[in-house]
C-alpha cells in the first residue's frame with residue numbers, strides 16, 4: 001500500500017481575516033496536490049504577525065510532510081514572512097546573489113531600490129521557487145514552500161514546486177447530484193453504503209439555490225474500481241428516492 | 001477607549017480541504033463582524049474529525065471572545081459537529097423539544113425520520129439559532145456559535161446572532177488604488193506614512209490582471225478622522241508616483 005502524504009496550508013494576511021480579500025489559494029493548492037497524492041490535513045488563516053507566523057510554520061513543519069505558505073513576501077513593510085520563517089527554524093536570513101540576479105531580469109539598477117532588494121532576502125539554505133509572473137522568487141526551506149499571496153503568482157510558483165514533491169497514495173472522488181431530494185431521506189441508506197466499504201468516505205452536501213434544493217453526494221477513496229461500485233449504488237439510491245418524491 | 005473584541009472562525013469540512021468547495025463563509029462572517037466592532041484573530045479549516053473539532057473549539061473558546069463554526073450540523077453520518085462541541089466542553093447532548101418543534105414546522109411526522117431528528121440534538125444548555133432557510137437550527141454554547149456550512153443558511157443564521165454579540169472598538173478602513181504603479185516604488189514612502197500614525201496599519205496589495213498592474217493601498221484603524229488624513233497622504237503619494245512613471 002502506498003504511503004499517505006499530508007500537507008498543511010498557511011494563508012497569511014490581515015486582508016483575508018478582514019474579509020477584504022476572498023482567498024482562492026487554498027483550493028488552487030488542493031487541486032494541485034490531489035493528482036500528486038498529497039492530502040491537505042489542515043489550513044490556517046493567520047494575521048501579519050511575526051510570532052504567529054513563526055509558531056504556525058514550526059508547528060506545521062513538524063506535523064505535515066509538506067507545508068505551503070502564501071502571502072507576505074513582497075517589498076513593503078508588512079511583508080514579514082521570510083524573516084518569520086527564518087526565525088521559525090532558528091536560521092539566518094540575508095540578501096542572496098541568485099535571488100538578486102532573478103530580480104535584475106525585471107528591474108533596472110535604478111528600479112532595484114532597497115525595498116525591492118528585500119525580496120532577495122531568503123533564509124539560509126533555502127532553494128528559490130520560480131515566479132513566471134513578476135520574477136520575485138518564492139523559496140523552499142526544509143519542507144516549507146513559501147509563495148506569494150497574489151493568486152496568479154501563487155499558481156505560477158506551483159509549477160516549479162511539483163517536481164520537488166514526493167507524492168503518495170492518490171485520492172479519487174466521484175460525485176452524484178440529486179436534485180429535489182431531501183438530505184434527511186438519504187441519510188440512512190447513505191450510512192449503509194459507507195459501512196460496506198472501508199477506505200471510502202462519503203460526504204453529503206445539500207444545496208439551496210432559490211427554488212432548487214438537492215444534495216451532492218461525494219465519495220472519496222484510493223481505489224477507483226471500488227468508487228465506481230459506490231457510484232452505481234449512489235445512482236440507484238437517487239433513482240429510488242426520486243421515485244418516492 | 002473602547003475594548004478590543006476578538007473572534008475565531010472554524011470552518012469544518014473535508015470538502016474545503018479537498019478543494020471541492022470554495023469557502024465563502026469566512027469573508028461573510030468578517031463582513032458581518034466588522035460593523036459590530038469584532039476583529040477576527042484567526043481562522044482554521046479543519047477536517048470532519050471529532051477529536052480535531054473538539055480540540056480546536058476548546059482552544060478557540062479560551063483564546064477568543066467569540067467563536068463561529070460552520071459545517072457539519074446536517075442529518076447525515078458525517079455531521080459530527082454537535083457531538084464534538086458537547087465533547088469539547090465536557091457536557092451532555094440530547095434531542096431537545098424546542099429544536100424538534102422547529103423541525104416540525106418544515107417536516108411532516110413521516111418526514112421527521114431518525115436522521116432528521118438528529119438535527120434536534122444539541123449540547124445541554126445551548127441556545128438555538130434561527131435558520132430562516134431550512135429551519136434546522138444552529139446553536140450557541142457558551143461563546144461558540146455553531147452554524148450550517150451552506151452559505152445561504154449560514155448568512156441567514158447570522159441575523160439571529162447579531163443581538164447576542166457585545167461589540168468593541170470598531171475598525172474602519174480606507175483604500176486607494178494605484179494603477180500602473182510598482183509596489184516597490186511605494187514601499188519606503190508607505191512605511192514613512194505608517195510610522196507617523198500609531199494605531200493605523202497600512203497594507204499594500206499588488207494586482208496583476210493581464211496587462212494591468214497596480215497596487216491597492218489599504219489603511220485600517222479605529223479613528224476615521226485619522227484615516228481620512230492617511231487617505232489624503234496616500235492619494236498624494238499615488239499622484240507623485242504616477243508622475244514619475
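Things worth noting here:
- Selection from the range A:217-229 of residues that are over 27 Å from the mean Cα position of the chain (by Cα) and buried (at least 20 other Cβ atoms within 10 Å of the Cβ): none
- On inspection, residue A:158 fails the criterion of being in contact with a helix residue (DSSP H, G or I) (Cβ under 6 Å, 6 or more places away or on another chain), within 13 Å of chain B (Cβ to nearest Cβ) and without any contact (Cβ under 8 Å) to a residue 40 or more places away in the chain.
- Residue in the range A:64-83 that is within 8 Å of chain B (Cβ to nearest Cβ) and not in a loop (DSSP other than H, G, I, E, B) present: no
- Filtered by the rule that a residue be at pLDDT 90 or above, more than 9 Å from chain A (Cβ to nearest Cβ) and out of contact with any strand residue (DSSP E or B) (no Cβ under 8 Å at 6 or more places or on another chain), the range B:192-216 gives B:192, B:196, B:198.
- Residue match in the range A:140-149 (condition: surrounded by fewer than 22 Cβ atoms within 10 Å (Cβ to Cβ), within 12 Å of chain B (Cβ to nearest Cβ) and in contact with a strand residue (DSSP E or B) (Cβ under 9 Å, 6 or more places away or on another chain)): no
- Being within 26 Å of residue B:48 (Cβ to Cβ), touching a strand residue (DSSP E or B) at 6+ places or on another chain (Cβ under 9 Å) and at pLDDT 95 or above is a property that holds for residue A:8.
- The residues of the range B:1-13 that are more than 9 Å from chain A (Cβ to nearest Cβ) and either within 18 Å of residue B:56 (Cα to Cα) or outside any strand (DSSP E or B) (or both), listed by number, are B:1, B:2, B:3, B:4, B:6, B:7, B:8, B:10, B:12.
- Test: residue in the range B:46-56 that is within 7 Å of chain A (Cβ to nearest Cβ), under 13 Å from the mean Cα position of the chain (by Cα), crowded, with 21+ Cβ neighbours inside 10 Å and at pLDDT 95 or above: no
- Residue A:39 meets all of the listed conditions (1) more than 7 Å from every other protein chain (Cβ to nearest Cβ); (2) outside any strand (DSSP E or B); (3) over 25 Å from residue B:29 (Cβ atoms) but one, namely (2).
- Of all residues in the range A:175-193, those being crowded, with 20+ Cβ neighbours inside 10 Å and within 28 Å of residue A:7 (Cα to Cα) number 0.
- The range B:138-155: number of residues that are outside any loop (DSSP other than H, G, I, E, B), touching a helix residue (DSSP H, G or I) at 6+ places or on another chain (Cβ under 8 Å) and more than 20 Å from residue B:59 (Cα to Cα): 4
- Count - residues of the range B:90-129 that are in contact with a strand residue (DSSP E or B) (Cβ under 8 Å, 6 or more places away or on another chain) and either outside any helix (DSSP H, G or I) or at pLDDT below 95 (or both): 15
- Residue pairs meeting the criteria (Cβ under 7 Å; at least 6 apart or on separate chains; first in contact (Cβ under 8 Å) with a residue 60 or more places away in the chain, in the range A:122-138; second assigned to a loop (DSSP other than H, G, I, E, B)): A:138/A:73; A:138/A:131; A:138/A:148
- Subset of the range A:14-32 (residues that are assigned to a helix (DSSP H, G or I) and either more than 8 Å from chain B (Cβ to nearest Cβ) or on the phi > 0 side of the Ramachandran plot (or both)): A:25, A:32
- Checked against (1) part of a strand (DSSP E or B); (2) more than 9 Å from chain A (Cβ to nearest Cβ); (3) closer than 26 Å to residue B:25 by Cα; (4) more than 21 Å from the chain's Cα centre (by Cα), residue B:135 passes all but condition (1).
- For residue A:169, the test of being within 14 Å of chain B (Cβ to nearest Cβ), surrounded by 14 or more Cβ atoms within 10 Å (Cβ to Cβ) and touching a strand residue (DSSP E or B) at 6+ places or on another chain (Cβ under 8 Å) is failed.
The values are calculated or read from the model by the stated rules, or taken from the named source; none is laboratory data. These numbers were taken from a predicted model, which means no experiment stands behind them. For neighbour counting, all protein chains shown are included, and Cβ atoms are generated from backbone atoms with ideal geometry for every residue, glycine included.
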